[in-house]
Amino acid sequence: MWVVPEKEIAGLMTPEAAFDAVEAVFAAMASGEANNFPVVREAIGHEDALYGFKGGFDKSALNLGLKAGGYWPNNQKRDLINHQSTVFLFDPDTGRVSAAVGGNLLTALRTAAASAVSIKHLAPEGAKVLGMIGAGHQSAFQMKAAARVGNFERVIGWNPHPEMLTRLADTAAELGLPFEAVELPRLGAEADVIISITSAFEPLLMDAHVKGRTHIAAMGTDTKGKQELDPALVARARLFTDEIAQSLSIGEFQHASAAGSISDGDVTAIGQVITGNHEGRGDAEITIFDGTGVGLQDLAVAGAVVDLARQQGKAVEVEI
Ligand code: NAD
């Protein structure tokens, strides 16, 4: 099997390659070629950790495997980041393990790629202003991936913890874009594309904040109980997601679904837009992409990175 260490990922995987891998796997999911398996996520009763697996099989790319890992809130005292994961790939012809790949940076890249895919396919024409809600670890990756696909002229941002906003300012400066910290009503009124990437458990962006043609990539909600958007905003938008069942159970749309204001027929898999089977934005004023994060995204970027690592002599071969 091949081992690709976490420390090699930054030199191998580009946002461009992550975008291509994620766009392709969303299309494969929509055409029935790729399936995610049920997610396991458990509190293990040790170190307050949440641990689980996200797996699946993509017949078109022949990626079979799982991402194992989770959230260890006390890791900082050990000088480690709190989210830890590893991707394991298996040979779909024989069942033999074929690769173990560091999954921490890949998770950030595949999550940012997902919102970028939604922006490419759903943003209103002529979008110029990017609004960022959230200023944690993921936010910088999100902004960079969005800037690759959108022709943004400026970035505005808000975060529940204002002391973290320097990350957004620094990232925008790196991209050569002006940045301004604003309150949510201004963000909702001025932004053409909004990315939310927080750990919120209550709605932050309200229906009354959002004005005009807007695309929202809601990326933070990946667990039961989390929430970033006002359900009334969800109810008046055209809705898209990576995987419908996951979106309605653990994604942003769980709340509007529980309230009975939307059902699964109101949500379209983004892959249907990528494959040309759905018109996408059409004449909708607001579109929302609920990025819940599926295992097949992890397998797609890990498969791509193993190929690159082997080509560049950075994969280590071990006998198991
Ligand atoms: P982080 O810990 O670095 O940053 C957390 C962000 O959430 C900050 O903006 C912080 O101000 C805000 N925040 C923290 N507690 C909050 C609260 N109680 N209410 C409102 N906001 C709060 O985290 P990160 O790595 O940037 O990840 C952000 C979120 O994205 C996490 O919730 C994470 O689980 C989620 N995530 C989703 C996916 C996906 O595929 N959808 C993938 C990775 C991470």
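Since every read-out is calculated from the coordinates, none of them should be taken as a lab result. On a predicted model such as this, the values are computed, not experimentally measured, just so you know. Cβ coordinates were reconstructed from backbone atoms using ideal geometry, including for glycine residues, and neighbour counts include every protein chain displayed.
Quick notes
- Taken over the stretch 38-65, the criterion of being among the basic types (Lys, Arg) and in a strand (DSSP E or B) is satisfied by Arg41, Lys54.
- Residue in the stretch 118-127 that is part of a helix (DSSP H, G or I), within 16 Å of the ligand (Cβ to nearest atom) and closer than 22 Å to Asp290 by Cβ present: yes
- Considering residues of the stretch 267-283 that are within 21 Å of Leu233 (Cβ to Cβ) and in contact (Cβ under 8 Å) with a residue 60 or more places away in the chain only, the residue nearest to the chain's Cα centre (by Cα): Ile270
- Of residues in the stretch 235-260 being touching a strand residue (DSSP E or B) at 6+ places or on another chain (Cβ under 7 Å) and farther than 20 Å from Gly271 by Cα, the one nearest to the ligand (Cβ to nearest atom): His255
- Screening the stretch 202-217 for residues that are buried (at least 16 other Cβ atoms within 10 Å of the Cβ) and of a type outside the set (Val, Ile, Thr) and picking the one that is farthest from the ligand (Cβ to nearest atom) gives Arg213.
- Listing of helices (runs of 4 or more DSSP H) fully contained in the stretch 173-263 that carry 2 or more residues being touching a residue at least 40 places away in the same chain (Cβ under 8 Å) and closer than 30 Å to Ala43 by Cβ: 244-249
- Only one entry of Ser139, Ser115, Ser85 meets the criterion of being within 12 Å of the ligand (Cβ to nearest atom), touching a helix residue (DSSP H, G or I) at 6+ places or on another chain (Cβ under 7 Å) and part of a strand (DSSP E or B), and that entry is Ser85.
- Evaluating Ser196 against the criteria (1) touching a helix residue (DSSP H, G or I) at 6+ places or on another chain (Cβ under 9 Å); (2) within 16 Å of the ligand (Cβ to nearest atom) leaves one unmet condition, (1).
Per-residue answers, yes or no, for (1) within 16 Å of the ligand (Cβ to nearest atom); (2) in contact with a helix residue (DSSP H, G or I) (Cβ under 6 Å, 6 or more places away or on another chain); (3) charged (D, E, K, R):
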site: Gly131; (1), (2), (3): yes, yes, no
site: Arg154; (1), (2), (3): no, no, yes
site: Thr166; (1), (2), (3): yes, no, no
site: Leu184; (1), (2), (3): yes, yes, no
site: Glu190; (1), (2), (3): no, no, yes
site: Ala200; (1), (2), (3): yes, no, no
site: Met219; (1), (2), (3): yes, yes, no
site: Asp222; (1), (2), (3): yes, no, yes
site: Gly225; (1), (2), (3): yes, no, no
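- The stretch 57-75, residues that are touching a Phe, Trp or Tyr at 6+ places or on another chain (Cβ under 9 Å) and either within 16 Å of the ligand (Cβ to nearest atom) or among the hydroxyl-bearing types (Ser, Thr, Tyr) (or both): Leu66, Lys67, Ala68, Gly69, Gly70, Tyr71, Trp72
- Top-ranked residue in the stretch 88-111 [being part of a loop (DSSP other than H, G, I, E, B) and within 15 Å of Leu299 (Cβ to Cβ); ranked as nearest to the ligand (Cβ to nearest atom)]: Gly103
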